[in-house]
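Structure first, commentary second.
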Amino acid sequence: MSAEQQQQNPEQLISPRERSLLEELVEIKELSRQLIAQLGRQNEAMAQQQKELNQARRSMIELKEENSHLREVLQTWRTRMDNVISQLRSPD
């Protein structure tokens, strides 16, 4: 076979086993691309969930601070009410 014929049809130069291996490599390449795409989508979903989780944490912190403040206000009012009640009970 001349060099010109070898260049025109390189597939004839590989054995059936080599052809099978090449087909497997092509399949592996496609599966790898699919896996990369799937991992990319999962990564985006996880990033969105992390964003939502961070937002929920900030909201929880704000609610805890508000709760603490309201407890202080309630305690202040209880103290004032107790003082008023004790003043009303005591004779002048």
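Residues that are more than 44 Å from the chain's Cα centre (by Cα), hydrophobic (A, V, I, L, M, F, W, C) and at pLDDT below 95: does segment 68-82 have at least one? Checked segment 68-82: no residue is more than 44 Å from the chain's Cα centre (by Cα), hydrophobic (A, V, I, L, M, F, W, C) and at pLDDT below 95. Of the residues making up segment 12-28, just one is basic (Lys, Arg) and surrounded by 10 or more Cβ atoms within 10 Å (Cβ to Cβ), namely ARG19.
The values are calculated or read from the model by the stated rules, or taken from the named source; none is laboratory data. Because the structure is a prediction, the values reported are computed rather than measured. Reconstructed Cβ throughout: ideal geometry from the backbone, glycine too, with neighbour counts over all protein chains shown.
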